[in-house]
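Working notes, structure below.
The values are calculated or read from the model by the stated rules, or taken from the named source; none is laboratory data. Predicted model, so just to flag it, every value in this text is computed and none were measured. Cβ coordinates were reconstructed from backbone atoms using ideal geometry, including for glycine residues, and neighbour counts include every protein chain displayed. Only protein heavy atoms, including side chains, enter the accessible area calculation; ligands, DNA and RNA are left aside. Shrake-Rupley method; radii C 1.70, N 1.55, O 1.52, S 1.80 Å.
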Amino acid sequence: MSDTPVKQQNTAAYYGQAVASFAIALGAVALGILSMEADVWVRAFLGIAVLYLTTSAFTLAKVVRDRQEAGQIVSRVDQARLEKLLAEHDPFQKL
């Protein structure tokens with residue numbers, strides 16, 4: 001059985017690009033809402049909707065990541081069980 005865990009590490013540039021993209025998108029939406037010619041309650045509603053959408057997106061991303069990691073752990077446990085069974089099996093043993 002292999003004891004080397006698979007590490008999936010993002011680079012600093014990829015992380016920085018993701019953070020910058022998120023900040024630019026959120027800033028653009030906020031600027032658009034603030035400069036929109038509408039009543040204050042309409043802009044406030046849109047602002048709350050954007051914040052709710054943002055937190056929902058973070059939650060969805062976390063749930064998807066957690067499910068993927070759980071699947072990898074189950075797969076590793078199943079692989080370890082199979083390797084143990086194969087290691088203990090003696091094909092020349094009489095039944």
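In this entry, Val19 is excluded by the filter for residues that are over 20 Å from the mean Cα position of the chain (by Cα), surrounded by 10 or more Cβ atoms within 10 Å (Cβ to Cβ) and without any contact (Cβ under 8 Å) to a residue 40 or more places away in the chain.
Of all residues in segment 47-63, those that are open to solvent by less than 100 Å² (accessible area, probe 1.4 Å) have Cβ atoms under 8 Å from Cβ atoms of residues that are assigned to a helix (DSSP H, G or I), 6 or more apart or on another chain, in Gly47/Ala30; Gly47/Ile33; Val50/Leu26; Val50/Val29; Val50/Ala30; Val50/Ile33; Thr54/Leu26. Candidates are the residues of segment 66-85 that are closer than 21 Å to Gln9 by Cα and of a type in the set (Gly, Ala, Ser); the one that is farthest from the chain's Cα centre (by Cα) is Ser75. Taking Arg81 as the residue in question, decide whether it is charged (D, E, K, R), assigned to a helix (DSSP H, G or I) and open to solvent by less than 90 Å² (accessible area, probe 1.4 Å). Judged against the criteria, Arg81 is not a match.
Run Ala38 past the list (1) of a type in the set (A, V, I, L, M, F, W, C); (2) in a helix (DSSP H, G or I); (3) at pLDDT 75 or above and report the number of the one that doesn't hold. Only one criterion in (1) of a type in the set (A, V, I, L, M, F, W, C); (2) in a helix (DSSP H, G or I); (3) at pLDDT 75 or above is unmet by Ala38, namely (2). With respect to the conditions (1) loosely packed, with under 11 Cβ neighbours inside 10 Å; (2) at pLDDT below 85, Leu31 falls short on a single one, namely (2).
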